[in-house]
Amino acid sequence: MAVIYGIPNCDTVKKARSWLTAAGVDYQFVDFKKTPPDEALIRRWLQDIPLETLLNRRGTTWRKLSEQERADAENEEGAVRLMAAHPSMIKRPVLDNGKQCYAGFQPELYETVLAGK
């Protein structure tokens, strides 16, 4: 079963969930607000997703960080701690199809990696 991580009111997460439902894909949704990812899970994602992709430096949460926090995010260890403390800084949604993890929603990618459902 696929697992999709995100925030329910995020437009991109809504699109991904709608796509999964329409495609008949059995999936579990994990809400970052109710079940924040821990550092171990974020490290698992980083095995498949580059840090530059997973860490969202364009959102309001990033802009609210201090200069020191931003500097700490320049290395993986600091970035992992930051994403665990502020899950809204993680590019959404994160999809785990049981074999690999992906960040963001691209219908063509979902079609390819979930073809076996």
> Quick one: if you stick a label point 7 Å off each Cα along the C-beta vector at D72 and N9, how many nm between them?
Replying inline: 2.6 nm
>> So if I take the alpha carbon set of the chain, get Rg, then get Rh from the Kirkwood formula, what is the Rg over Rh ratio?
In response: 0.97
>> On C-alpha positions alone, give me the angle between the axis of helix 11-22 and the longest principal axis of the chain, in degrees, nearest 10.
In response: 20 degrees
>> At 0.36 nm per residue, and after removing the present C-alpha to C-alpha distance, how many nm does the segment from M1 to Q28 gain when stretched out fully?
In response: 9.0 nm
> If you count the DSSP beta bridges with both ends in the chain, what percent of them are antiparallel, to the nearest 5?
Replying inline: 60 percent
> Using a Gaussian network for the chain with springs between C-alpha atoms less than 10 Å apart, which of these wobbles most: P50, P37, P87?
Replying inline: P50
> Using a 1.4 angstrom probe with every protein chain in place, what is the largest-first accessible-area order of W45, W62?
Replying inline: W62, W45
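The values are calculated or read from the model by the stated rules, or taken from the named source; none is laboratory data. Small disclaimer: the values here were computed from a predicted structure and weren't measured. A quick note on method: Cβ atoms are made from the backbone with ideal geometry, for glycine too, and the neighbour counts reach across all protein chains shown. Only protein heavy atoms, including side chains, enter the accessible area calculation; ligands, DNA and RNA are left aside. Shrake-Rupley method; radii C 1.70, N 1.55, O 1.52, S 1.80 Å.
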